[in-house]
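Q: Have a look at this one.
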Amino acid sequence: MSSSDSTPQVSWEDKVKAKRHEQQQFVPSEWMISPIGDNITNVLDIPNNLGLLSPNELQITASDVSTLLRNLSTSVWSSVEVTTAFAKRAIIAHQLTNCLTEIFVDDALKRAAELDEHLKQTGSVVGPLHGLPISLKDQFCIKGIDATMGYVAWIGKPAQRDSAIVKLLIQSGAVLYVKTNVPQTLMWGETLNNVFGRTLNPHNIGFTSGGSTGGEGSLIAQRGSVLGVGTDIAGSIRIPSHYNGVYGFKPSTQRVPTFGMVNSLDGQDSIGTTAGPLSVSIEGLKHFMQAVLSSRPWMVDPNVIRKPWDQDAYELKEHGNGQKLCFGILWDDGHLKPHPPINRALQMAKQALEKAGHNVIDWVPQNHRELNANARSIFLADGSADYLSGTTPSGEPLLYSMKPGADPNEIPPFRKPRQPLSAFELWQLHKERRELRQKYFDHWNATDGVSGTGRPVDAIIAPAMPYTALPHGMTGPATYTLVMSTLDCPSLTIPVTKVDPALDIQPPPHEFRGSDDEDLYNIYDAERFAGMPVGLQLVGQRHEEEAVLAMGAILDDALKSL
């Protein structure tokens, strides 16, 4: 018998126990908090009332990105001060909602001190994000740190190099300090895995934080980060942003580098994963995009197109200079009818934009069912081989449900593995996606005759999801976000309002379009969902990132003026 054969096998459960113990070692004991009461569901204000954060730290973590960068560049606050404040608040947030994976505060403070010394000695900042703490979704690799992506088999395999976006953030002067939780396989609208467990929504810890960028959404809602980086292939930035009441931006593919990160369905490029920011404001999203696009990202990822930040596009030169825009509102995709608070948010957007002097017309969905079905077929073309390659080596079970206490042997219909497709069959799906995409943009470009501006509709306003965050395990199909991913459109999520039982009354049943639409109607409970955030997504044509951010600011300002 060889020595390797006689080595006891460590169970996956023991590997998880060791990993969680390791994580705990990076939490300073003086930042630990007592358990909260069982009757507390909204934990957003708890960090402000613990006495762990000084008045200065409370002021720092309440600031937006613009204020932080200005004060960092003028030495009003040091990077060490700012990093300490956000690291402390992030670890408090983690104890409340389980939003973090890797914690490397000591490395972050060392980096912050180096940036402070550079500014002191030279009088100049390192880059446009000088001294700013930025959190990262667990997918992004930092040399020497794990990127488990929720797979037990990936524990103890630290990254051998920095991913492309990490290189650019460091080059831009950012301070990286924590990574955030994701669902096993990533391909969920909730966040739960066997390694780190479930992430909670701070507005109501009985509700999901969304997925797959659920850790970021929860952390930023609690001000444990002011700017984070996530990824999106079907709604993974937009859904958590909507569920947690923060701003999130999914660019088109090939604008922000994704090379060097770990991923699910890696190698599936027909509907690509995009990287993008989540923040407490649109200004935060703009700072990230401007810094990244101005740093020649194609030099670290050759898949990125050579299109630097375009100020003319941000000033809406091709959209009437932003003076009179036309927005199309997608009230209903013809598949899942949105809940009352989503409809009210759409009404608010229409009212706000018309009051600001812009045109608003109805947007008729074009082949949304077909676009969504095409994407799902592409994602499942491998017969779940990718998912199993992540779980089989450790023996951990593949999660088929996000419901607490779910039967591990019960597989819901939408999660059942399909037979793998041949290369030829997959190519037919790619051809179908290409034709559907062409048809959609032909329709969009033909709206120049009904927009009232002589241009096609400038942007589409749509639900991010047909409902707000739901209790754990209840999130269903992401039809409203997935269709925009299939089209590869840039999409911005903006918080609009919160569920109000007095306003968001359930209407009588409509004619249901299917069992999932009926289920959606029946789960709505205005009293139970009271206070949950409601967001919308603003969608532009492909590679119009700067214009979408600018139009998003117009919509955001209009909503705030109501």
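Q: Here are some conditions: (1) part of a loop (DSSP other than H, G, I, E, B); (2) out of contact with any Phe, Trp or Tyr (no Cβ under 7 Å at 6 or more places or on another chain); (3) not β-branched (Val, Ile, Thr). Pro456 meets all but one. Which one does it not meet?
A: The failed condition is (2).
Q: Can I ask one more? Name the residues in segment 498-524 that are free of Cβ contacts under 8 Å to residues at least 60 places away in the same chain, in a loop (DSSP other than H, G, I, E, B) and surrounded by 14 or more Cβ atoms within 10 Å (Cβ to Cβ), would you?
A: Listed by number, the residues that qualify are Pro501, Phe512.
Q: Exactly one of these conditions fails for Pro420: (1) buried (at least 17 other Cβ atoms within 10 Å of the Cβ); (2) closer than 30 Å to Trp12 by Cα. Give me its number.
A: (1)
Q: With respect to Thr447, is the statement that it is among the polar types (S, T, N, Q) and under 22 Å from the mean Cα position of the chain (by Cα) true?
A: Against the criterion (among the polar types (S, T, N, Q) and under 22 Å from the mean Cα position of the chain (by Cα)), Thr447 does not qualify.
Q: Related question: Yes or no: segment 148-171 includes at least one residue that is surrounded by 24 or more Cβ atoms within 10 Å (Cβ to Cβ), out of contact with any Gly (no Cβ under 8 Å at 6 or more places or on another chain), of a type in the set (Gly, Ala, Ser) and in the same structural domain as Gly214 (by TED's automatic domain parsing).
A: Within segment 148-171, one or more residues are surrounded by 24 or more Cβ atoms within 10 Å (Cβ to Cβ), out of contact with any Gly (no Cβ under 8 Å at 6 or more places or on another chain), of a type in the set (Gly, Ala, Ser) and in the same structural domain as Gly214 (by TED's automatic domain parsing).
Q: Oh, and also: Failed condition for Pro477, given (1) surrounded by fewer than 17 Cβ atoms within 10 Å (Cβ to Cβ); (2) within 30 Å of Gly245 (Cβ to Cβ), with all others met?
A: Of the numbered conditions (1) surrounded by fewer than 17 Cβ atoms within 10 Å (Cβ to Cβ); (2) within 30 Å of Gly245 (Cβ to Cβ), the odd one out for Pro477 is (1).
Q: Could I ask something else about it? Please find, among Glu318, Glu354, Glu396, Glu370, the residue that is closer than 25 Å to Gln268 by Cβ, of a type in the set (D, E, K, R) and either over 25 Å from the mean Cα position of the chain (by Cα) or in the same structural domain as Ala174 (by TED's automatic domain parsing) (or both).
A: Result: Glu396 is the single residue among Glu318, Glu354, Glu396, Glu370 that is closer than 25 Å to Gln268 by Cβ, of a type in the set (D, E, K, R) and either over 25 Å from the mean Cα position of the chain (by Cα) or in the same structural domain as Ala174 (by TED's automatic domain parsing) (or both).
Q: Here is a further query. Among Thr199, Thr185, which is farther than 24 Å from Val27 by Cα, touching a residue at least 40 places away in the same chain (Cβ under 8 Å) and either surrounded by fewer than 21 Cβ atoms within 10 Å (Cβ to Cβ) or in contact with a Leu (Cβ under 8 Å, 6 or more places away or on another chain) (or both)?
A: Thr185
Q: When you scan segment 109-126, do you find a residue that is touching a helix residue (DSSP H, G or I) at 6+ places or on another chain (Cβ under 9 Å), within 23 Å of Ala234 (Cα to Cα) and buried (at least 24 other Cβ atoms within 10 Å of the Cβ), even just one?
A: no
Q: Next question, about the same structure. Please state which one of Asp458, Asp442, Asp448 is touching a Lys or Arg at 6+ places or on another chain (Cβ under 7 Å) and of a type in the set (D, E, K, R).
A: Exactly one of Asp458, Asp442, Asp448 is touching a Lys or Arg at 6+ places or on another chain (Cβ under 7 Å) and of a type in the set (D, E, K, R), namely Asp448.
Q: If you don't mind, another one. Of the residues that sit in segment 433-459 and are small (Gly, Ala, Ser) and in contact (Cβ under 8 Å) with a residue 24 or more places away in the chain, which one is surrounded by the most Cβ atoms within 10 Å (Cβ to Cβ)?
A: Ala459
Q: Just for strands (runs of 3 or more DSSP E) wholly inside segment 175-287: which have at least 2 residues that are under 20 Å from Leu129 (Cα atoms)? Spell out how you get there, then give the answer.
A: Values: elements: 175-180, 204-208, 227-232, 247-250, 274-279.
Correct list: 175-180, 227-232, 247-250, 274-279.
Q: Any chance you could count how many residues in segment 288-301 are over 30 Å from Ser389 (Cα atoms) and assigned to a loop (DSSP other than H, G, I, E, B)?
A: Matching residues across segment 288-301 total 3.
Q: Have a look at Thr61, Thr97, Thr67 and point out the one that is closer than 24 Å to Phe196 by Cα, among the hydroxyl-bearing types (Ser, Thr, Tyr) and surrounded by 15 or more Cβ atoms within 10 Å (Cβ to Cβ).
A: The conditions single out Thr97.
Q: Then there is this: Restricted to segment 302-332, and to residues that are in contact with a strand residue (DSSP E or B) (Cβ under 8 Å, 6 or more places away or on another chain) and in a loop (DSSP other than H, G, I, E, B), which residue is surrounded by the fewest Cβ atoms within 10 Å (Cβ to Cβ)?
A: By that ranking, first place goes to Lys324.
Q: Moving on to the next point. Which of the residues belonging to segment 12-39 are of a type in the set (A, V, I, L, M, F, W, C) and more than 26 Å from the chain's Cα centre (by Cα)?
A: Matches in segment 12-39: Trp12, Ala18, Trp31, Met32, Ile33, Ile36.
The values are calculated or read from the model by the stated rules, or taken from the named source; none is laboratory data. Bear in mind the structure is a predicted one, so any value in this text is a computation, not a measurement. Note that each Cβ is placed from the backbone with ideal geometry, even for glycine, and that neighbours are counted across all protein chains shown.
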